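**Student:** Before I ask anything, here is the structure I am working with.
Values in this text are rule-based calculations from the coordinates and carry no lab data. Since we're looking at a predicted model, the values are computed, not measured. Cβ: placed from backbone, ideal geometry, glycine included. Neighbour counts: every protein chain shown.
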């Protein structure tokens, strides 16, 4: 299957700083990428859908200015958590899908565990 | 809005035995896709199996098979000859055909495999 690489796998940052998480599709062009947040023993909560070359579509309740998403190329999307606070600590997962195969499953990165201290 | 329900927070099975994980969904659409994903302790989400709603035949992938009941909106996963490596969280997902093709996930079922 297709490979999606997410970096870093884990990060610890100080409260008030910003953290960038990268999501790369290694062997396909990802026209659509999804960013999820997952709390312990919970399901995946969709944060936003990112389309290459256009602004991300955020889910209701997700702060656009806090969670900046950039999908500047067909193989890279980034999520920047700005002015991080301890409540932002979570597991963040990206997934990617290629066009024209919109009707296929999305492939997932390995996730990033963010801890804000 | 579509919802996906996994009513079993946790299931356990003996190694080499068979276990079935339940999933129901709510939709008014006729064309859609269903998936089962596995999330092992490494947290990497892995696709286990997928089913197109227009196909009557149940999907199978080696030891994994589904029982897709479209009228009942049920999509259960059967794992045969369970192995220790099958221990993981299993998520059922629904995706409408057309539009944004955004999957909706259930809350997951934690599968424990006893040696």
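**Student:** Expressed as a rounded percentage, what relative contact order does the stretch B:1-68 have, with Cα pairs under 8 Å and six or more residues apart? The partial results should precede the final answer.
**Tutor:** Working: 79 pairs, mean separation 14.9, N = 68.
Taking the mean separation of contacting Cα pairs over the length of the stretch B:1-68, I get 22 percent.
**Student:** Can you pull the one-decimal nm distance between simple spin-label points at residue A:63 and residue B:5, each 7 Å off the Cα toward Cβ?
**Tutor:** 3.5
**Student:** Averaged over all directions, how much area does the convex hull of the C-alpha atoms of the stretch A:9-90 cover when projected, in nm²? Intermediate values should be presented prior to the final figure.
**Tutor:** Working: hull surface 22.8 nm².
Taking the Cα atoms of the stretch A:9-90, their convex hull projects to 5.7 nm² on average.
**Student:** Here's something else I'd like to know. Over the Cα atoms of chain B, how large are the radius of gyration and the largest Cα-Cα distance (Dmax), in Å?
**Tutor:** Looking at chain B, its Cα Rg and Dmax stand at 13.6, 45 Å.
**Student:** Let me ask something else. By counting other Cβ atoms within 10 Å of each Cβ, how are A:92, B:33 ranked from fewest to most? Could you put the intermediate results ahead of the total?
**Tutor:** Working: A:92 23, B:33 19.
Fewest-to-most ranking of A:92, B:33: B:33, A:92.
**Student:** Next question. What percent does the relative contact order of chain A come to when contacts are Cα pairs within less than 8 Å and at least six residues apart?
**Tutor:** Values: 300 pairs, mean separation 43.6, N = 117.
Value for chain A: 37 percent.
**Student:** Find the relative contact order for chain B and round it to a whole percent, using C-alpha pairs within less than 8 Å whose residues are 6+ positions apart.
**Tutor:** Numbers: 282 pairs, mean separation 42.8, N = 115.
For chain B, the relative contact order is 37 percent.
**Student:** I need the Kirkwood Rh of the protein assembly as shown: take the reciprocal of the average 1/r across all distinct C-alpha pairs and report it in angstrom.
**Tutor:** Every distinct Cα pair counted, the radius reaches 18.3 Å.
**Student:** Would you mind ranking B:27, B:109 by Cβ crowding within 10 Å, fewest neighbours first?
**Tutor:** Ordered from fewest to most neighbouring Cβ atoms within 10 Å, B:27, B:109 come out as B:27, B:109.
**Student:** Mind sorting B:4, B:13 by how few other Cβ atoms lie within 10 Å of their own Cβ, fewest first? Each step should come with its number before you reach the end.
**Tutor:** Values: B:4 23, B:13 19.
Result, fewest neighbours first: B:13, B:4.
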